[in-house]
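Here is the structure we will look at.
The values are calculated or read from the model by the stated rules, or taken from the named source; none is laboratory data. On a predicted model such as this, the values are computed, not experimentally measured, just so you know. Here the Cβ positions follow ideal geometry from the backbone for every residue, glycine too, while neighbour counts run over all protein chains shown. To get the accessible areas, we keep the full protein, side chains included, count just its heavy atoms, and leave off ligands, DNA and RNA. Shrake-Rupley method; radii C 1.70, N 1.55, O 1.52, S 1.80 Å.
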Amino acid sequence: GIEQLVDEATPQALADTAMGEAVRTDLLIALAAVGQSLGTYERALDLLDKATVGVDRLYAQSDPQWFRPRLVRATTLISMARYADTVDLLEPLRPQLAARGDVIGVEGMLLLADGLNGSNRFDEAQSLYDQARDAAKKLSPSTAVNVDTIDISQARSLIYAQRFKDGLALADATWQRWEARGNKADPQMLTLLRAISSAAEAAGDLPRAETAYKDAIDMAERLYQRPHPDTAWVVGI
């Protein structure tokens, strides 16, 4: 499987003396990103430690490549619910991220906002979500970070802070925009429907909660062959 490929590729990348340092760091970052997606977080962080040493030798702090291992690290730390560590990593870089005007800047601001939110620095997180959205709107539509991603994170953040009305309004607007585009089933939208269902129930809007719940079941069954934990969560198995 993929995990075995990562296991085999890592020692090769570290031992291959013919491989240039730039190629090696690229490979280590890619392997770390795969590790993060597989949930092998400690391994991902170890790979990033090794990659960052090379990256810092090769690239200036203004170079997009300098940021890559740091953004993968932040993503991994968020996955581990290590929010304070995410803030420690990215907060010193906030002025640079805000000034970049590219995908890296938007991704970094979004990750920092998630870290601030998880650290209960709620107002700062909301301000940064807004800043990331403004920056994302200036990018071309094909870029990796789109406005939906930011809106989903901010809606969940508002709901987490029990600002159900604001969170629901943003979540519903995002869902309606996605429906109008006629997009196919998307794991991000399943996450959004979960948030809508939970927030509507907490706010006492049971018909809205039930509609979102049914939409979530439909989405989960289109996305995954049963059994899958996301389908089980929605159906309540």
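Quick check, is SER37 assigned to a helix (DSSP H, G or I), open to solvent by 50 Å² or more (accessible area, probe 1.4 Å), within 30 Å of GLN154 (Cα to Cα) and hydroxyl-bearing (Ser, Thr, Tyr)?
yes
Looking at segment 102-113, is at least one residue over 29 Å from GLN162 (Cα atoms), open to solvent by 60 Å² or more (accessible area, probe 1.4 Å) and under 16 Å from the mean Cα position of the chain (by Cα)?
No: segment 102-113 contains no residue that is over 29 Å from GLN162 (Cα atoms), open to solvent by 60 Å² or more (accessible area, probe 1.4 Å) and under 16 Å from the mean Cα position of the chain (by Cα).
Going by the structure shown, is THR52 over 26 Å from SER153 (Cα atoms), at pLDDT 95 or above and open to solvent by less than 60 Å² (accessible area, probe 1.4 Å)?
Spelling it out, THR52 is indeed over 26 Å from SER153 (Cα atoms), at pLDDT 95 or above and open to solvent by less than 60 Å² (accessible area, probe 1.4 Å).
Return a yes/no flag: does segment 186-195 have any residue that is farther than 23 Å from GLY118 by Cβ, modelled with pLDDT under 95 and not β-branched (Val, Ile, Thr).
Yes, there is a match, as at least one residue in segment 186-195 is farther than 23 Å from GLY118 by Cβ, modelled with pLDDT under 95 and not β-branched (Val, Ile, Thr).
Which members of segment 187-201 meet the condition of being free of Cβ contacts under 8 Å to residues at least 24 places away in the same chain and either aromatic (Phe, Trp, Tyr) or farther than 23 Å from GLN162 by Cβ (or both)?
Matches in segment 187-201: none.
Is it the case that some residue within segment 131-150 is under 20 Å from MET219 (Cβ atoms), buried (at least 18 other Cβ atoms within 10 Å of the Cβ) and of a type in the set (Asp, Glu)?
yes
Any idea which residue in segment 55-84 is most open to solvent (accessible area, probe 1.4 Å), counting only those that are among the hydroxyl-bearing types (Ser, Thr, Tyr) and at pLDDT 95 or above?
That would be TYR83.
Spot the failing condition for ALA13; the list is (1) at pLDDT below 90; (2) among the small types (Gly, Ala, Ser); (3) more than 17 Å from ARG68 (Cβ to Cβ), and only one is missed.
The one condition ALA13 does not meet is (3).
Filter segment 123-142 down to the residues that are farther than 20 Å from LEU192 by Cβ and either hydrophobic (A, V, I, L, M, F, W, C) or assigned to a loop (DSSP other than H, G, I, E, B) (or both) and list them by number.
Listed by number, the residues that qualify are ALA135, LYS138, LEU139, SER140, SER142.
Mind checking which pairs have a first residue in segment 155-180 that is of a type in the set (Ser, Thr, Tyr) and a second that is in a loop (DSSP other than H, G, I, E, B), Cβ under 9 Å, 6 or more apart or different chains?
Final answer for the pair search is SER157/ARG163.
Select, from ARG57, ARG43, the only residue that is in contact with a Gly (Cβ under 7 Å, 6 or more places away or on another chain) and either in a helix (DSSP H, G or I) or in contact (Cβ under 8 Å) with a residue 12 or more places away in the chain (or both).
Residue meeting the stated conditions: ARG43.
Listed here are the residues, each with its yes/no results for (1) among the acidic types (Asp, Glu); (2) in contact with a Phe, Trp or Tyr (Cβ under 9 Å, 6 or more places away or on another chain); (3) assigned to a loop (DSSP other than H, G, I, E, B); (4) within 23 Å of ARG121 (Cβ to Cβ).
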{"position": "ILE152", "(1), (2), (3), (4)": "no, no, no, yes"}
{"position": "GLU179", "(1), (2), (3), (4)": "yes, no, no, no"}
{"position": "GLU201", "(1), (2), (3), (4)": "yes, yes, no, no"}
{"position": "GLU221", "(1), (2), (3), (4)": "yes, no, no, no"}
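Given the conditions (1) at pLDDT below 95; (2) outside any loop (DSSP other than H, G, I, E, B), and given that ASP88 satisfies all but one, which numbered condition is not satisfied?
Every listed condition holds for ASP88 apart from (1).
What's the number of the only condition in (1) open to solvent by 30 Å² or more (accessible area, probe 1.4 Å); (2) within 23 Å of ARG43 (Cα to Cα) that VAL87 fails to meet?
Only one criterion in (1) open to solvent by 30 Å² or more (accessible area, probe 1.4 Å); (2) within 23 Å of ARG43 (Cα to Cα) is unmet by VAL87, namely (1).
Return the total of residues in segment 137-153 being of a type in the set (Gly, Ala, Ser) and at pLDDT 95 or above.
1
Can you tell me how many residues within segment 162-187 are open to solvent by 40 Å² or more (accessible area, probe 1.4 Å) and of a type in the set (Gly, Ala, Ser)?
Residues in segment 162-187 being open to solvent by 40 Å² or more (accessible area, probe 1.4 Å) and of a type in the set (Gly, Ala, Ser): 4 in total.
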